[in-house]
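Trainee: Once you've had a glance at the structure underneath, I'll fire off some questions.
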Amino acid sequence: MENEEKIDFFERVENSVKKNKNILLTILTLTIFIVIGVNYLNYYQKSKNEKISEKFVQAGIYLSLDKKEESKNIYEEIIISKNKFYSLLALNNIIDNDLEKNNEEVLKLFDIVENTKIDKEQKNLVKLKKALYLIKISKDVEGKKLLNEIISDNSIWKETASEISKF
């Protein structure tokens, strides 16, 4: 009796597989393509990130050799790539080393970094740095407005922003 149930079960599974052979092959093929696609995407992102990190190092070398224009161009290229990590660092280096003299151009770079897909607190940090830069170039009203946005957003940068806005 038990053997008949096992045989009957296997026959039903076999019949079901035969009937749905095309569907099963399609699902298997799609699964394989999805796995290959995800692996390729991961490889592509890793490769892209490595290239940007190499450019960042190269820009730092140019900066240390006092080749500021080449360094600035590479940093701008990194910012335009909208890399989550290196874009912010590149912007910091441009500002800290005074590589870009045109204030409007620096503000455009800030906008690019702000529009990068980064988390909320990193965006608030960029806003804080932008506010400091605006205050530095005598655009106090715009800088204070950004500081108030950070304060009202209840960010981890709230205390820092409120300290800066007192001045």
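Any read-out appearing in this document is the output of simple, stated calculations on the displayed coordinates, not a laboratory observation. Worth saying up front: this structure is predicted, and the values here are computed from it rather than measured. Quick reminder, even Gly has a Cβ in these numbers, built from the backbone with ideal geometry, and neighbours come from all protein chains shown.
Trainee: Take peptides 108-115, 68-75, 160-167 and line them up by average Cβ neighbours within 10 Å, highest first, as a rough protection proxy. The partial results should precede the final answer.
Mentor: Numbers: 108-115: 16.0, 68-75: 18.5, 160-167: 13.9.
The peptides rank, most packed first, as 68-75, 108-115, 160-167.
Trainee: Need the C-alpha centroid separation for the range 146-161 versus the range 23-58, integer Å.
Mentor: Taking the Cα centre of the range 23-58 as reference, the centre of the range 146-161 is 38 Å away.
Trainee: Could you work out which residue, out of Leu25, Leu125, Leu63, moves most in a Gaussian network model of the chain, that is, has the largest mean-square fluctuation with Cα springs under 10 Å?
Mentor: Taking springs between Cα atoms under 10 Å, the residue moving most is Leu25.
Trainee: Show me 139-152, 37-50 ranked by packing, highest mean number of other Cβ atoms within 10 Å first. Working shown, then result.
Mentor: Details: 139-152: 16.6, 37-50: 10.5.
Highest mean packing first, the order is 139-152, 37-50.
Trainee: Sticking with this structure for a sec: When the helix-only estimate is applied to the chain (DSSP H runs of n ≥ 4, each -39,500 (n - 2.57), divided by the residue count), what is the mean residue ellipticity at 222 nm, nearest 500 deg cm²/dmol?
Mentor: On the way: 8 runs with 136 residues, N = 167.
Only helices count here, giving -27500 deg cm²/dmol.
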